[in-house]
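Notes follow the structure.
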Amino acid sequence: MYVRFNVVKWLGDFVLEAAGELGEGLTCVVGPNGSGKTTLLKILAGLLKPDRGLVEHVGVKVKVYVGELYVPPDAAAVEVALAGRSRFSPTPVGRADVEAARRYMRLLEVEDLAERRWKTLSGGQRQRVVIAAALAAEADLLLLDEPLAHLHGDWRGRVMRILADYAAGRGVVVTTHHGDVLRCCHTLIALREGKMAWRGDPQQYAEPLDRACD
Ligand code: ADP
């Protein structure tokens, strides 16, 4: 699969201007708060329409964006993972979906929390359930907004390695503030004030990472 984009989007005084291609593998989008990361992901997901330009998806049947999720406090963790299986729409799911949701929960080491209510989980546990849900969607293009939020150092690296493996044969794009995990990505896009300041191999990224990230 690949995605080609060349877009302009105005949001009040802010202007996002971005062009490029995304292939299979894990792409990280970095940049200070307000640099346009979420806007770019939503445009790539088709959730926001660009004011100018277009996004061309080739070989992408299913694309899923996962940002902050509202979860009813009494929902069980497994129901959240199952929401990913129905691609976050209220489609009924079957037995095979329950097994798939549990398989991704196992990968994120939250299967033992399956029946626990959302309100009883820690921030890191919730985040891993949300990532399991996102992976369970098995989209061709998965756009994850700040998936490392609320995770501790060890889990940040583990999640990035899981995402890098998962991205074989599909496109996974994540936004992050954590410079220490960028070497897990295959491609890095750095945004600054709505412009693409840099795009390429993260190993070649010349700017100090703490300037690229908050
Ligand atoms: P990031 O994800 O890098 O923090 P965003 O894409 O969320 O950045 O936001 C980029 C800019 O667009 C910010 O200045 C933000 O305030 C502005 N913005 C986002 N959504 C809207 C909106 N609906 N209306 C007006 N401005 C917006």
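The values are calculated or read from the model by the stated rules, or taken from the named source; none is laboratory data. Model, not experiment: these values are computed from the prediction. Heads up, the Cβs are rebuilt from the backbone with ideal geometry, glycines too, and the neighbour counts pull from every protein chain shown.
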Subject >> Test result for A83, outside the structural domain of D145 (by TED's automatic domain parsing), surrounded by fewer than 11 Cβ atoms within 10 Å (Cβ to Cβ) and either modelled with pLDDT of 95 or more or more than 16 Å from the ligand (Cβ to nearest atom) (or both) >> reply: no
Original post:
Which ones in segment 117-163 are touching a Cys at 6+ places or on another chain (Cβ under 7 Å) and under 13 Å from L107 (Cβ atoms)?
Top reply: R161
Original post:
If you take the residues of segment 187-207 that are surrounded by 19 or more Cβ atoms within 10 Å (Cβ to Cβ) and either acidic (D, E) or within 12 Å of the ligand (Cβ to nearest atom) (or both), which of them is farthest from the chain's Cα centre (by Cα)?
Top reply: G194
Original post:
Of the conditions (1) within 16 Å of the ligand (Cβ to nearest atom); (2) on the phi < 0 side of the Ramachandran plot; (3) assigned by TED's automatic domain parsing to the domain that holds I162, H57 fails just one. Which one is it?
Top reply: (1)
**OP:** Only residues that are touching a strand residue (DSSP E or B) at 6+ places or on another chain (Cβ under 7 Å), in a helix (DSSP H, G or I) and of a type outside the set (G, A, S): list them for segment 162-183, please.
**Re:** L163, Y166, L182
Original post:
Of the residues V130, V159, which single one is in contact (Cβ under 8 Å) with a residue 40 or more places away in the chain, of a type outside the set (F, W, Y), assigned to a helix (DSSP H, G or I) and not assigned by TED's automatic domain parsing to the domain that holds L44?
Top reply: V130
Subject >> Scan of segment 5-48 for residues that are near the ligand (Cβ under 8 Å from one of its atoms) and surrounded by fewer than 17 Cβ atoms within 10 Å (Cβ to Cβ), ordered by number >> reply: L11, G12, D13, F14, P32, N33, G34
**OP:** Hey, can you tell me all the residues within segment 115-124 that are assigned to a loop (DSSP other than H, G, I, E, B) and under 22 Å from the mean Cα position of the chain (by Cα)?
**Re:** L121, S122
Subject >> Selected residue (only one of L135, L142 is of a type outside the set (V, I, T), away from the ligand (no atom under 16 Å from the Cβ), surrounded by 15 or more Cβ atoms within 10 Å (Cβ to Cβ) and not in a helix (DSSP H, G or I)) >> reply: L142
**OP:** Only residues in segment 35-48 that are assigned by TED's automatic domain parsing to the domain that holds F5 and within 18 Å of P147 (Cβ to Cβ) count as the first member; pair them with residues that are near the ligand (Cβ under 9 Å from one of its atoms) and assigned to a helix (DSSP H, G or I), Cβ under 9 angstrom, at least 6 apart or cross-chain, and list the lot.
**Re:** L47/L41
Subject >> Options V110, V174, V129: the member that is within 16 Å of the ligand (Cβ to nearest atom) and surrounded by 15 or more Cβ atoms within 10 Å (Cβ to Cβ) >> reply: V174
Subject >> Filter result for the condition that a residue is assigned by TED's automatic domain parsing to the domain that holds W198, touching a Phe, Trp or Tyr at 6+ places or on another chain (Cβ under 8 Å) and either among the charged types (D, E, K, R) or without any contact (Cβ under 8 Å) to a residue 60 or more places away in the chain (or both), over D154, D180, D145 >> reply: D145
